[in-house]
Amino acid sequence: MAPRTIMDVDDKSLEGKRVLVRVDFNVSVSNGSVGEDYRIRMAIPTIEYLSRRGAKVILASHLGRPDGRDPDYTLAPVARRLQDIAGGAGIRVRFASDCVGPAVESEISQMGRGDILLLENLRFYKEEEANDGEFCKKLARQADIYVNDAFSTSHRKHASTFGAARLFDMRLAGFNLNKEVEYLSMMREKPPKPFKVIVGGVKIKDKIGALENLLPKADKVIVGGAVAYTFLMAKGVKTGKSLIDHERLPWAEKALAKYADKIMLPTDHVTAQSPADTSIMMVKGDIPDGMAGFDIGSETIEHFSEEVSRSNGAGMIFWNGPMGMFELRAFANGTINIAKSLALAYWRGAKTLVGGGDTLAALKKSGVAENEVSHVSTGGGASLRYLAGDEMPGLSVLDIK
Ligand code: ADP
Ligand code: MG
């Protein structure tokens, strides 16, 4: 069988080779300095694994959505942060002022074994997103081996995720991409039972495909956040002026009819006239006109927490979407309690997965440590697409289903 991950390749085949690694260094940069840098730290295992085996590690990433070569979107600050983290001990981290072309090629020809070179923003070329044939060739001829460690971009058919990758004989998954696929495929194909899904947040549109696939497999689907109000309205409960996705009401109705015994909905709510409103009202059942639900109520917290934290040492729980508007202290209780219950389930032996940009922020805010979750899915939208069974060009090019 052809090697699939960097671990499947013997060390000798990496030594002295130029390895192009697609990473996701799409971090926030302000005033020339990197803010949250977990995406850089996350790439360290793959980068150092290759570097220690004598590969010449060429890193490629996009940053933001620049319109051409816009200096505001340079990866130079990322290179500096990477130097701080990975440099030293004889390892040089260099930054190339471009991602393709003669200057880059000459820079690469001067690389020594174990050296690390970060290429400039791929999206300085519109050819990257257009998956342009010539651009793909230019990228590919700069290296001998292709590695993708950016699961979050694998739903895209871009040059660096697809077209250029195809031109390599050896195409491999990095550690992060591999781990993400391992967990998500387990959940999509054959989740350990009992399998529970916790869904919340607002964006039903983005989650519906994944839910379609997970609902039949799940033993329980716990619904909170704004998503719950669309379900409650579909059930005929009064929702006041809570956020509703009217377009998806018929879908919610159908899901309720088909999976009535699986779906758990909130029975009480923390309501207010608006998020800024300081006079908060606890409501059981129907929400009065003029009020909106911004968090699950205490009775619901009790029911949900009991269901989430109960575990006989087996099974899997997937959480995507906060239970309320957790950014505001007044509406954070539901989310914090669910995060803690999930951590308890983990300690009792369940496999737990958390995904979604806001959900990860909420987890952090809840004081649950990263090692109290089996897998923190950083794939964002790509993870939901994968769970929905959508086409993933960046994975198929690695022969991953
Ligand atoms: P994720 O990024 O984890 O996938 P979403 O983007 O779908 O999650 O939703 C997150 C947002 O949902 C948060 O900003 C939160 O404030 C909001 N939210 C959660 N519950 C409610 C609610 N009842 N009413 C309005 N907004 C809500
Ligand atoms: Mg979000």
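Read-outs: derived from the displayed coordinates by stated rules, not from any lab. Nothing here was measured: the structure is a model prediction, and the numbers come from that model. No Cβ is skipped: glycine too gets one built from the backbone with ideal geometry, and neighbour counts run over all protein chains shown.
Nearest 20 debye, what's the magnitude of the dipole of region 183-387 about its Cα centre given +1 on Lys and Arg Cβ and -1 on Asp and Glu Cβ? Mind showing how you got there, number by number?
Numbers: 25 positive and 21 negative charges, 131 e Å.
Magnitude of the dipole: close to 620 debye.
Of all GluC sites (Glu not before Pro) in region 306-378, which ones are in loop regions per DSSP and have a Cβ with at most 14 other Cβ atoms within 10 Å? The partial results should precede the final answer.
Working: sites: GLU306, GLU307, GLU327, GLU370, GLU372; in loops: GLU327.
Qualifying residues, ordered by number: GLU327.
May I ask you to list the residues of region 129-157 whose amide nitrogen lies under 18 Å from a point 7 Å from Cα along the Cα→beta-carbon direction of GLU391?
Hits in region 129-157 for GLU391 at 18 Å: 129-133, 153-157.
Give me the extension gain from ARG92 to ALA257: residue separation times 0.36 nm, minus the current Cα-Cα distance, reported in nm with one decimal. Don't jump to the answer; show the numbers that get you there.
On the way: separation 165, 0.36 × 165 = 59.40 nm, distance 6.02 nm.
So the chain would gain 53.4 nm between ARG92 and ALA257.
Multiply the residue separation of MET186 and GLU370 by 0.36 nm, subtract the distance between their alpha-carbon atoms, and state the gained length in nm to one decimal.
Numbers: separation 184, 0.36 × 184 = 66.24 nm, distance 2.03 nm.
Length gained, MET186 through GLU370: 64.2 nm.
Where a Cα-Cα gap under 20 Å defines reach, which aspartates and glutamates qualify for LYS238, not counting those fewer than 8 residues away within the same chain?
Output for LYS238: GLU247, GLU253, ASP268, ASP286, ASP289, ASP295, GLU299.
Could I have the simple spin-label model distance between SER109 and VAL237, label points 7 Å from Cα toward Cβ, reported in nm to one decimal?
So the two model labels end up 6.9 nm from each other.
Which listed residue (VAL23, ALA173, CYS99) has the Cα farthest towards the positive end of the charge dipole for region 6-176, taking +1 on Lys and Arg C-beta and -1 on Asp and Glu C-beta about the Cα centre?
Looking along the dipole axis, the top candidate is ALA173.
Count the net charge of all other residues whose Cβ sits under 13 Å from the Cβ of LEU167, scoring Lys and Arg as +1 and Asp and Glu as -1. Provide the component values of the computation, followed by the final result.
Numbers: positive: LYS137, LYS138, ARG141, ARG166, ARG171; negative: ASP132, GLU134, ASP144, ASP169.
For residues surrounding LEU167, the net value is +1.
Taking H placed 1.01 Å from N in the peptide plane, check which residues at least 5 places from PHE95 or on another chain put their amide H under 5 Å from its amide H.
The list, which skips near neighbours in sequence, is LEU118.
Could you tell me the relative contact order of region 183-387? Use alpha-carbon pairs under 8 Å, at least six residues apart, and round to a whole percent.
Result for region 183-387 is 23 percent.
Picking from PRO266, PRO250, MET281, whose Cα lies most toward the positive end of the charge dipole for region 220-309 (charges on Cβ: Lys, Arg +1; Asp, Glu -1)?
PRO250
With Cβ to Cβ distances under 10 Å as the rule, what net charge do the other residues near LYS205 carry (K, R +1; D, E -1)?
Result for the local shell: 0.
Excluding same-chain residues fewer than 8 positions from LYS126, which lysines have a Cα within less than 22 Å of its Cα?
Straight-distance partners of LYS126: LYS137, LYS138, LYS157.
Magnitude of the Cβ-charge dipole of the chain, K/R +1 and D/E -1, about the Cα centre, nearest 20 debye?
On the way: 53 positive and 51 negative charges, 142 e Å.
For the chain, the charge dipole is close to 680 debye.
Quick one: which residues, 5+ away or cross-chain, put their amide H under 5 Å from the amide H of PHE195? H built at 1.01 Å from N.
Close amide H contacts, sequence-distant or interchain: ASP219, LYS220, MET316.
Determine the shape class of region 344-391: with a ≥ b ≥ c the square roots of the Cα gyration tensor eigenvalues, call it rounded for a/c under 1.5, and otherwise prolate if a/b is greater than b/c, oblate otherwise. Could you put the intermediate results ahead of the total?
On the way: a/c = 3.43, a/b = 1.57, b/c = 2.19.
The shape class here is oblate.
Considering the chain as a Gaussian network with a 10 Å cut-off on Cα pairs, which listed residue, THR278, THR230, THR239, attains the greatest mean-square fluctuation?
Maximum fluctuation in the GNM of the chain, among the listed residues, is at THR278.
Can you give the extra length, in nm with one decimal, that the chain gains between ASP277 and GLU299 once fully stretched, where that is 0.36 nm per residue apart less the Cα-Cα distance? Don't skip to the answer; put the middle values down first.
On the way: separation 22, 0.36 × 22 = 7.92 nm, distance 2.24 nm.
Stretched out fully, the ASP277 to GLU299 stretch lengthens by 5.7 nm.
If the viscosity is 0.890 mPa s and the temperature 25 °C, what Stokes-Einstein diffusion coefficient in µm²/s follows for region 6-176 when Rh is the Kirkwood radius over Cα pairs? Could the numbers behind the result be given before it?
Working: Rh = 15.7 Å.
The Stokes-Einstein estimate is 157 µm²/s.
Quick one: of the DSSP bridges fully inside the chain, what percent are antiparallel, nearest 5? Write down the numbers at each step before the final one.
Numbers: 11 of 51 bridges.
Just about 20 percent of them are antiparallel.
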